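The values are calculated or read from the model by the stated rules, or taken from the named source; none is laboratory data. Computed from a prediction, not measured in an experiment: that's the story for all the values here. Here the Cβ positions follow ideal geometry from the backbone for every residue, glycine too, while neighbour counts run over all protein chains shown. SASA here: full protein model, heavy atoms, side chains in, ligands and nucleic acids out. Shrake-Rupley method; radii C 1.70, N 1.55, O 1.52, S 1.80 Å.
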Amino acid sequence: MKKVLTLFMLMATLTAGAQQVLSLDECRQLALQNNKQLGVTRVKQEMALNLRKAARTNYLPKVDVIGGYEFFSREISILNKDQKNTFANLGTTAMTGVGEHLSSTLTSLVQQGLIKPEMAQQLGALMGQMGQPIAQLGNQIGEKINDAFKTDSRNMFAASVMLRQPIYMGGAITAANRMAEINQELAANEEQGMVQNTLKSIDDIYWTVVSLKQKQKLANSYRDLVQKLDDDVHKMISEGVATRATGLKVDVSVNEADMQVTQVEDGVALAKMLLCQLCGLPVDTDIVLADEGKDVLPMTTDVEDDGNEAAYANRNELKMLENAVQMSEQATKLVRAAFLPQVALTGGYMLSNPNLYNGFERKFAGVWNVGVLLRVPVWNWFEGQYKVRASRAATTIAAMELDDAREKIGLQLEQCRFKMKEAQKRLAMATKNLSSADENLRCANVGFREGVIEATDVMAAQTAWQQAQTQKIDAEVEVKLAQVALKQAMGKLD
């Protein structure tokens, strides 16, 4: 017997050790760590940070390196065909001209009687013998000139290094950087809003589980009361002091109590599965909440209400809408910048092969260059004005949406305040009603034992007691949820 008892105690200890006890703060931390949407917002913040860093680089000079190769079917020709033909026959043309001039000169000398015809023929024959090699030499020189003018530009290699430094872009770079900063703020505000929504969900389901556990205890207690009454009534039936019809009524109440226990147990299991899912735990994790065993829920002090203006300053929704207005204003500046003068400094170094700096030499050679680029829009049929007006209209829409959201948040704050007061009043009334229900049930049990009250009256007192207990549990949880809702409306849920 001792071994069985020891084994039973060991199994109970292991089962208790397998259970995971979670407080509200621990549930919040688990939800913030494991929430997938929060992970998305964190990635968005990282993305916004990198975009802001990228926007800042627009202030700095950009350097590009370009290289390439091209093959052309024909090369560039500096000389035309007639010029090439002239150079190719340079010697022949020259000697033909010289021969004609010499012949006319000798003829003139013979006619003048200065030389004899025989001598003129001898000089002409001598000149003919000497002219052929001279013509060939001249032709060769002409061919060399043609070769010198060949560009050999069918295979072209080129490379360049270019530097661009913006000087004035019409305010576009400043506007783009401001938009990147606003986008980063927007991502941070979105994360804070997601944090508050996550905490609100966790608080709601946490206190729902606690209330269901209390209702589970209440259902078990009610069933015990009904079963005790059922036992008493059946004893009275066996003694002949109660009718069988009364016993059947009590049996029905016992069955209803059993059904209530089953329903609330299922509700507790489903609510805990939802809580595990929100906390990033497996849905079948056996968890126990730190507040579920308490008969009375811990009531915190009232939420500190600093007024609507403080709430407006804390609400992430309004901050995000303000970011949208600011983003739209910067977008207007960016649109306007596209139609303003722009100045940029350029510089670089360019290489080519063949190069143009030494007669199309087949070597890489380059040249430095520095310049200023100016762009001034002159006429665009008022395109810039129309776009700026459209962008300003978008800013106006964003501002109107911001004002509308402020009004709705003001209404939400008033609604949350009313619900808080209503929940506190309901809790006070439920506590008072519970005291009356306890006394009524005590009197009914005493009267039943004394035989002056029917079993149906005891059943009615038990039902009233259960309803009073249920109302108190609901009122306590309603106060908790109203406090959470008001904190969220005030932007203080953290």
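Observations on the model:
- Selection of segment 268-313 for residues being over 21 Å from Leu212 (Cβ atoms), open to solvent by less than 50 Å² (accessible area, probe 1.4 Å) and either outside any loop (DSSP other than H, G, I, E, B) or modelled with pLDDT of 90 or more (or both) yields Asn308, Ala310, Ala311, Tyr312.
- Residue match in segment 206-216 (condition: surrounded by fewer than 20 Cβ atoms within 10 Å (Cβ to Cβ), polar (S, T, N, Q) and outside any helix (DSSP H, G or I)): no
- Exactly one residue out of Asn316, Asn355 is free of Cβ contacts under 8 Å to residues at least 40 places away in the same chain, over 25 Å from Met169 (Cα atoms) and surrounded by 15 or more Cβ atoms within 10 Å (Cβ to Cβ), and it is Asn355.
- The set of residues in segment 54-95 that are free of Cβ contacts under 8 Å to residues at least 40 places away in the same chain and under 26 Å from Pro354 (Cα atoms) comprises Asn80, Lys81, Asp82, Gln83, Asn85.
- Test: residue in segment 320-338 that is surrounded by fewer than 17 Cβ atoms within 10 Å (Cβ to Cβ) and either within 38 Å of the chain's Cα centre (by Cα) or in a strand (DSSP E or B) (or both): yes
- Of the set (1) of a type in the set (A, V, I, L, M); (2) open to solvent by less than 60 Å² (accessible area, probe 1.4 Å); (3) touching a residue at least 24 places away in the same chain (Cβ under 8 Å), all apply to Met350 but (2).
- Single residue of segment 135-173 satisfying the filter (crowded, with 17+ Cβ neighbours inside 10 Å and without any contact (Cβ under 8 Å) to a residue 60 or more places away in the chain) that is nearest to Tyr357 (Cα to Cα): Gly142
- Glu265 vs. criteria at pLDDT below 85, more than 22 Å from Gln488 (Cα to Cα) and touching a helix residue (DSSP H, G or I) at 6+ places or on another chain (Cβ under 8 Å): no
- Pair list, Cβ < 6 Å and 6+ apart or interchain, from segment 412-433 residues that are under 24 Å from Arg315 (Cα atoms) and open to solvent by 90 Å² or more (accessible area, probe 1.4 Å) to residues that are assigned to a helix (DSSP H, G or I) and of a type outside the set (S, T, N, Q): Lys419/Ala482
- Residue among Asn369, Asn380 that alone is among the polar types (S, T, N, Q), modelled with pLDDT under 95 and open to solvent by less than 70 Å² (accessible area, probe 1.4 Å): Asn380
- Residue within segment 64-79 that is among the hydrophobic types (A, V, I, L, M, F, W, C), at pLDDT 90 or above, open to solvent by 50 Å² or more (accessible area, probe 1.4 Å) and within 30 Å of Ile173 (Cα to Cα) present: yes
- Exclusive hit being assigned to a loop (DSSP other than H, G, I, E, B) and either open to solvent by 10 Å² or more (accessible area, probe 1.4 Å) or within 30 Å of Thr243 (Cβ to Cβ) (or both), set Asp474, Asp438, Asp494, Asp457: Asp494
- Only one entry in Asp258, Asp232 is part of a helix (DSSP H, G or I), in contact (Cβ under 8 Å) with a residue 40 or more places away in the chain, over 32 Å from the mean Cα position of the chain (by Cα) and surrounded by fewer than 18 Cβ atoms within 10 Å (Cβ to Cβ), namely Asp232.
- Every condition in (1) surrounded by fewer than 17 Cβ atoms within 10 Å (Cβ to Cβ); (2) touching a helix residue (DSSP H, G or I) at 6+ places or on another chain (Cβ under 6 Å); (3) in contact (Cβ under 8 Å) with a residue 12 or more places away in the chain is met by Asp251 except one, and the failing one is (2).
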